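Single-structure report; data block below.
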Amino acid sequence: MTILGIETSCDETAIAIVEGKTDHVELKTNVLATSLALHAKTGGIIPEQAAREQIKYILPTLKKALDTPDTFDTLKQIDAIAVTYGPGLIGSLLVGVETAKTLAFVLNKPIIPVNHMVGHIYANFIRETREQGTGNRKNQNTSLVPDPYSLVPTFPLLALVVSGGHTDLLLMKNHGDFKLLGGTRDDAAGECFDKSARLLGYPYPGGPKISQLAEKGNPKAFAFPRPMLGSHDYGFSFSGLKTAFLNATREHFPILRTSDKTIGWQQIILENKLSTKEKQTVYDLCASLQLAIVTVLVRKTLKAAQEYKVKSILLSGGVSANQLLQEQFEENIKQTLPETQLFFPEKSLCTDNGAMIASAAYFNFNPMPWKDITADPELYF
Ligand code: KG4
Ligand code: ZN
């Protein structure tokens, strides 16, 4: 079965084609257009602007995904259309939903509405061909598993969804069977990265920048809190950590206390103006923040993995691209749960893409009449 997936929940216009292969899907085409550079100029995503960019990009992206002189004929080869219907920005979501509905109506194909967060989880079931990928399947017993492309997640499994708006831990006993064990009470892990980066003057998405600056820093320099590490549930909270980062930054960079904040941000981002010692402080702040976020995510997930005796742990969402997070999971699983297999998507499939939406639709094939599908910005699990 061949599925076309459309994802337009935020600032990315993404369309992909995957082919279902029983226990995984094979990536055929993956096209993405992003309005990120535009939002960097304004310091954050303006929903109205993101929606306008979606309208601009959607047809060229579709055309590129089909990439053939006879687009209409290629569309006929597709068995179903999958589309993100929430959560996300309403204007952006509508562009994808209405495009998918039009295609489904004109081509008389089934249409499957997909929850964006579920889509992130299913990025772990996408297998690229050897030519496309670098090997996205990670297993601590690599000597026992010579071919990383042959691995697929097995149930029961734990899925950690860490993105810009969500930090959720789910237990899955089968496809489509989601039990939410815990979520964030305030900010998501990605938001903590993004807001902290913004404080230093870096635009969205801040996670990759913090991670890059952290490479030169000492992760033990600042004793940032590990929120809710000792709690008896699987909830998360990152707003306190964000405040701790703000306070520590203000302490070392008084400009943030004394002047207009915007000027403060610009002062810090102008790294060339900083002394060597001040630069090191920025690196240390980033390394300490990153370690605090990663420690909480790893420890709480592993505690749940032990309690529910899962066979696989799946990382997903933009933050799962974080190298320290991947490494710490690998290391800790090796030590404490050697039978458990760890999965995280290929880097380009950690962040928003159309392939994950098509993959989720393949394993949860629940078509709906196109007339009944509406965008739902507040959708949850
Ligand atoms: O899944 P995603 O692309 O969009 C949402 O659904 O939110 O996730 C975006 C989030 C942002 O918060 C971004 O800062 C974070 O993922 N992110 C990272 C990294 N790459 C992306 N966070 C930490 N380290 C990274 N390498
Ligand atoms: Zn996402």
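The values are calculated or read from the model by the stated rules, or taken from the named source; none is laboratory data. Small disclaimer: the values here were computed from a predicted structure and weren't measured. FYI the Cβ positions are ideal-geometry reconstructions off the backbone, even for glycines, and counts take in every protein chain you see.
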task: Search the range 317-339 for residues that are over 12 Å from residue 297 (Cβ atoms) and pair each with any residue that is in a helix (DSSP H, G or I) and within 16 Å of ligand 2 (Cβ to nearest atom) when their beta-carbon atoms are under 7 Å apart and the residues are at least 6 apart or on different chains.
output: 318/190; 318/207; 318/350; 321/347; 321/350
- prompt: What about residue 200, is it closer than 20 Å to residue 318 by Cβ, buried (at least 21 other Cβ atoms within 10 Å of the Cβ) and at pLDDT below 95?
  reply: yes
Selection status of residue 216, assigned to a loop (DSSP other than H, G, I, E, B) and either outside the structural domain of residue 87 (by TED's automatic domain parsing) or among the hydroxyl-bearing types (Ser, Thr, Tyr) (or both): yes
field: Filter pass, residue 121 being crowded, with 19+ Cβ neighbours inside 10 Å, in the same structural domain as residue 368 (by TED's automatic domain parsing), away from ligand 2 (no atom under 16 Å from the Cβ) and at pLDDT 95 or above
entry: no
- prompt: Taking into account only those residues within the range 219-239 that are polar (S, T, N, Q) and part of a loop (DSSP other than H, G, I, E, B), which is nearest to residue 184 (Cα to Cα)?
  reply: 237
message: Which count do you get for residues in the range 172-191 that are away from ligand 2 (no atom under 16 Å from the Cβ) and closer than 13 Å to residue 239 by Cβ?
response: 2
- prompt: In this structure, does residue 68 turn out to be surrounded by fewer than 20 Cβ atoms within 10 Å (Cβ to Cβ), over 24 Å from the mean Cα position of the chain (by Cα) and of a type in the set (Ser, Thr, Tyr)?
  reply: yes
